[in-house]
Amino acid sequence: MMISNSRTILISGATSGIGRATAKRLMQDGHRVIGIGRDFSQSDFGADKFTAIELDLGDIKKFPNQLTTLAKQHTDIDAIINCAGQGRFGSLEQFSYKQIYKLMDLNFTSHAFICRAFVSQLKKLNHSNIIFMGSEAALEGTQKGSIYCASKFALRGFAQALRQECSNSNVHVSIINPGMVKTEFFDELDFEPGKNSSNFIEADDIAAAIKMILDSRSGTVIDEINLSPLKKVVCFKKY
C-alpha cells in the first residue's frame, strides 16, 4: 500500500540545490514542508505549504536549543530529509583547523543533532522517515577529499547504525549517495561536471528518488541508493 496521505516534512538545506528541488517536488505532491536554511530571502516557495526556519546549521553551539524549540513547535513532523552540506576539497595541509571542524559540523554533526531532536517523537508514529543526503564520497576515499570524504563516511555510518537502532520502531532510515549533481554546490569549487547532460545528475533526479522512498509501503525500507551520471566527466575551471 502506498503512502498517499499528506505529510509534514522537515528539510535541511532547503534554500538551494537538492533541498530546494525536493521541497518543491513534495509540495506539488500535496505535502507540507518545513525548510531549514540560513537565508530564504532569495527563495520563493509560496506560503500555503511551506514554512521557512532560518537557522545556521554551522553554528553548532546554538543549534541544540533551537532544535528543541522547533521540535516542540512542530510535533506533526513525520519525515526528515537532511540535505544541508558544503564541499571543500584540497590536501589535508591546505585545511586550517577551523575549516576541518566547520566542514564536519555542517556535513555530519548538524544532521546528528537534527535526528537527536526528533527521533523520539518519530518512533511514536505509525510510519516515519529519516533520509540522509550522502555522496559517492561516502563510498570511496579520493585524492584531495580527505575531510569531505570523512564527513560523508561519518554520515553513512551514522545512517546505518541509526537504522539498526530504529529497527524495532516504524522509523525508516535511508541514505542517498549521488555522484556529481548540477547545482550551486560547484559555484565556489575549482571543478564541475562536464557540460553534456550525461555528465551530471539533476537535483530533480534526487527529488524523485526521495519521493520513491517516502512512497514506499510501510513494510519496506530502502536502505541505500547510489546514483551516478551516465558518463563521469570532471572539468576544471580556469581562473
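Derivation of every value follows stated rules applied to the coordinates shown; laboratory data play no part. If you're wondering where the values come from, they're calculated on a predicted model, not measured in any experiment. Cβ coordinates were reconstructed from backbone atoms using ideal geometry, including for glycine residues, and neighbour counts include every protein chain displayed.
General observations
- Interchain or long-range residues, amide H under 5 Å from Phe191's placed H: Lys237
- Look at the Cα gyration tensor of region 8-236: its axes a ≥ b ≥ c give a/c under 1.5, and that counts as rounded.
- Of all DSSP beta bridges in region 8-236, antiparallel share, percent nearest 5: 10
- Within the chain: Cβ-based charge dipole about Cα centre, in debye rounded to nearest 20 (Lys, Arg +1; Asp, Glu -1): 240
- Given +1 at the Cβ of Lys and Arg, -1 at the Cβ of Asp and Glu and no other charges, the dipole of region 19-114 around its Cα centre is 120 debye to the nearest 20.
- For region 178-239, the list of GluC sites (Glu not before Pro) that fall in a loop by DSSP and count at most 16 other C-beta atoms within 10 angstrom reads Glu188, Glu202.
- Percent RCO, i.e. relative contact order, over region 1-77, from Cα pairs under 8 Å lying at least 6 residues apart: 28
- 5 angstrom amide H check on Asn226, placed H, neighbours 5+ away: Asn177
- Between region 71-132 and region 147-193, the Cα center-to-center distance that results, in Å: 10
- Computed from the C-beta positions of Val233 and Thr142, the FRET efficiency with R₀ = 22 Å rounds to 0.90.
- Taking amide H as placed 1.01 Å from N in the peptide plane, the amide H of Phe132 sits under 5 Å from that of Asn82, Ser174, Ile175, Ile176, each at least 5 places away or on another chain.
- Distance between the modelled labels on Lys62 and Gln164, one decimal in nanometres: 3.7 nm (7 Å Cα→Cβ projection).
- Entry note, the chain: the mean residue ellipticity at 222 nm calculated from DSSP H runs of n ≥ 4, each adding -39500 (n - 2.57), is -10000 deg cm²/dmol after division by the residues and rounding to the nearest 500.
- Length-normalised contact order of the chain in % [C-alpha pairs under 8 Å, at least 6 apart]: 21
- Potential extension, Ile100-Arg217 segment - 0.36 nm per residue separation minus Cα distance: 38.2 nm
- Phi-based couplings in Hz for region 147-156 (Karplus 6.51, -1.76, 1.60; Gly and Pro marked x): 7, 4, 4, 4, 5, 7, 4, 4, 5, 5
- Among the listed pairs Lys62/Lys237; Lys24/Lys195; Lys61/Lys238; Lys49/Lys124; Lys123/Lys182; Lys62/Lys98, a Cα-Cα separation exceeding 27 Å is found for Lys62/Lys237; Lys61/Lys238; Lys123/Lys182.
- Ranking of Met133, Met180 by count of other Cβ atoms within 10 Å, fewest first: Met180, Met133
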